[in-house]
Each structure stands twice: as structure tokens, then as C-alpha cells.
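Read through the structure below, which is laid out as C-alpha cells, and then see the notes.
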Amino acid sequence: MSNTMFGKLEATQFYFLTFLVLWTSLFTIICFYLITRDYKQICTEETVSPYKPHRLLANLSCGKLMEGGSASYSPISFEDPSQLAMNCKAIRRRRNFVEKTYEEEEDFPLAFDYTWLEMELSTHYSPNNFYCFVIDSKASEVFKTRLRSLANCFENVIVAAEEFDMSSMGRNIVIAQYHGLRLLMNTRKEWKYVFLLENHDILIKTNYELTQILRAYDGANDVHAVSVKRLARWRREQLKNYTFDELGLFRDATEKSLNNVLVNVKGYNQAVLTFDAVDYIFAKLNITTMLEKFNGDGHEEEFFTSSLNANDAIGLPGGFTTKCLKKISFQSMVRYYQRLPRLLSRLLAPALSGSGSEPGARAGNFGVGSGSRAQSRSQGSQRSEK
């Protein structure tokens, strides 16, 4: 009898374990399906083309690179080839320019060495966005021709006809940026946000991620702000105080008190502005004199956008305030960097400015957001961190 009971117990345990294994497997399959089903429309061969790495990176072993101390890897420099096919078919064959706008991005468009610039554009290109480049007049004719050839292949890529003599110390940079903004205001689509970038600034977020971040901004601008009291003496001494009247800032003089004094606020040139803010700047303000006052070879341009955004009396849509600057400086999410030794100069990411092979090349690349995104970039000689 005991043997019979023992046999029944073993059978019961067997059936129970079998049921448990089958149920666990079924549960795992269901969970995997629920987790991955939302990604299937995006991550398919039909929607995502194979990545096309640069020829120097095609056989890169990231594992060996991360180990450190490997003799197999040493710094390399990217240089433009002397011969480079610039017809539209060749450009598209070299890179992956996404031709589809995904549902999550449709209602939120966002507004050098040429080879690097072409690669960077392809990493975040979307037909839903706009891209505007403003070129340094000192750039080589080869660079200019290649950049304009690139624009001819895409309806949403703009290269300004007017060029500007820009310097690494800031001369004409902000003038070039706002010229690009004017061009973006003439596009057929009302974008939501514009990114102001320079040189080798890199967007490290996907279009989808940027859309979600900008929705969370809910109409706020993203502009760096630092009180001038935190600056070195030589920087403070170069600043002057101007009234709105002296700047002729408002087109309608009755709109604001002309005796208001502009509070100087320092910040990075990299910024994100709403469409409403840019529209306000060109429709309500007259920035001609202010652009002249904040232009030169002493990094004066770093005070322009930050001052417009932070002065309460200007009333820029999505703007900030000067009331808090006495206590703390405000970083901007649009720019991430690490300080490098002085010998290496400038910034690690995303703002490595300038091209070693082409020190005279400078372009401005603008990107627009809110249904669309725009972008603005300056390309040229290397800038030192202030």
C-alpha cells in the first residue's frame, strides 16, 4: 500500500512540475510579446536601414578599445577626401537619411569638414524637420560647393546665400545665427522649437527623445544664464549698460518703458528657442542695434541670446528671469560638456568647435521643433572655453 501511495505522490509531483514549467513558459512568451509588440513597427528591416559606418570605423572592435592600453588603437583624424562624389545618389548611398516620419514625431517637427557634417546630419535627419546652414566666407570653395550640393538633395535643408566673416572669438557668429533664424521663419511649416548649434555640436538624443523632452518643456526656452558678477574682471569691464531706448529695442515704443536698462546675462551660444520666441524677436523687437553692440572679437556674442531670454522687461515668450541669478547660475540641458586640459582646448561633447584640416570653414546649422524642428550651426576655427 505504501508503494502505491508513493507512486501516486510521484505522479502528482510530476504533473504539477510539468504544469508549472508549461505555465511559466507561456507566461514568459506573453510577457515578451507585450514588451516588444510596440517596437515592431519601428525596428524592422523595412523601416531601419543597415548602419553604414565610416570606412575607418568599419572594423572597429569596441571591446579592445574599452580595455585601454591597446596598441591596436591610436587617435585618427577625419579628413575630407580630395575627390568626393556630390550628386544626390552618391550622398544617399554613403549615408542613411530616413525618409519616413514616425507617428510620434509628425506633430512635432524640430528646426566644417564636410564629411563629418554629412555624417552628423544623417544621424538625426528627419523629413519632418528643417536644417539651415550659414557658412563662413573664409571657407574653401570646395567646402561651400559640397554643402550647397547637399542642400540640393533635400527640400528641408537650407544653405544661406549670404556668408559671414566669422572668427573663433565670436565676431559675426550671433549675426549669422539670427540670419539663419530669419530664413527658417520663411519656411512653409510652423515649427515648434529651434536648436542653435555651432561647429561640431552633436545631437546625442534621437528625434523621438527630443520630441518628448520638448513636449515636457511646455513652451519654455532652454538657454544658459550666468550672472556677470561671476565672470572674470576683464569680461565685466568690457560690458556696457544700455537702455531699451539706446538699443531701439522695441518697434512700438509705447509697448515698454524706454528707460529700462538691459541686464547683461552671459550664456552659451547653444540654445533651444520656441517658434513663438523667435517670432516675437522679429515681429516685436528691432535687434539691429543690439546685434551690433554684442558683436566683436571678445566673445560679446555670448551675452545676446541669454540677455534676450532672461530680461523680464523684454517679455520673450518662454523666457526666464534675472531675479534668481544673484543666487545661482542656470545650466542649459541642450549642451553637455566636460572640461579638457588647456592643451587640448575647448570641449569634449557636443561642442568641439573647428576643423583642424579647414580652420576657415564655419557653417550654421538650425533645427526646428513643435510639429517641426529646426537647427542652426556655426563651423569654423577653434574657440577657447571662457
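Values for this structure:
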| read-out | value |
| --- | --- |
| Residue count for the range 155-168, restricted to those that are surrounded by fewer than 16 Cβ atoms within 10 Å (Cβ to Cβ) and either in contact with a Lys or Arg (Cβ under 7 Å, 6 or more places away or on another chain) or under 28 Å from GLY296 (Cα atoms) (or both) | 3 |
| Filter result for VAL159 (in contact with a strand residue (DSSP E or B) (Cβ under 7 Å, 6 or more places away or on another chain) and modelled with pLDDT of 90 or more) | yes |
| Selection status of GLU246, among the acidic types (Asp, Glu) and surrounded by 15 or more Cβ atoms within 10 Å (Cβ to Cβ) | yes |
| Count of residues meeting criterion [part of a loop (DSSP other than H, G, I, E, B) and not hydrophobic (A, V, I, L, M, F, W, C)] in the range 274-310 | 7 |
| Among residues of the range 204-254, those that are under 22 Å from GLU300 (Cβ atoms), assigned to a loop (DSSP other than H, G, I, E, B) and under 17 Å from the mean Cα position of the chain (by Cα), counted | 2 |
| Positions within the range 265-283 being modelled with pLDDT under 95, within 21 Å of THR243 (Cβ to Cβ) and not β-branched (Val, Ile, Thr), in sequence order | LYS266 |
| Selection within the range 229-272 - over 19 Å from ASN309 (Cβ atoms) and among the aromatic types (Phe, Trp, Tyr) | TRP234 |
| Filter result for the condition that a residue is surrounded by fewer than 23 Cβ atoms within 10 Å (Cβ to Cβ) and under 20 Å from the mean Cα position of the chain (by Cα), over ASP297, ASP276 | ASP276 |
| Residue among ASN128, ASN172, ASN199, ASN152 that is modelled with pLDDT of 90 or more, among the polar types (S, T, N, Q) and crowded, with 20+ Cβ neighbours inside 10 Å | ASN172 |
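The values are calculated or read from the model by the stated rules, or taken from the named source; none is laboratory data. Please read all numbers here as calculations on a predicted model, not as lab measurements. Heads up, the Cβs are rebuilt from the backbone with ideal geometry, glycines too, and the neighbour counts pull from every protein chain shown.
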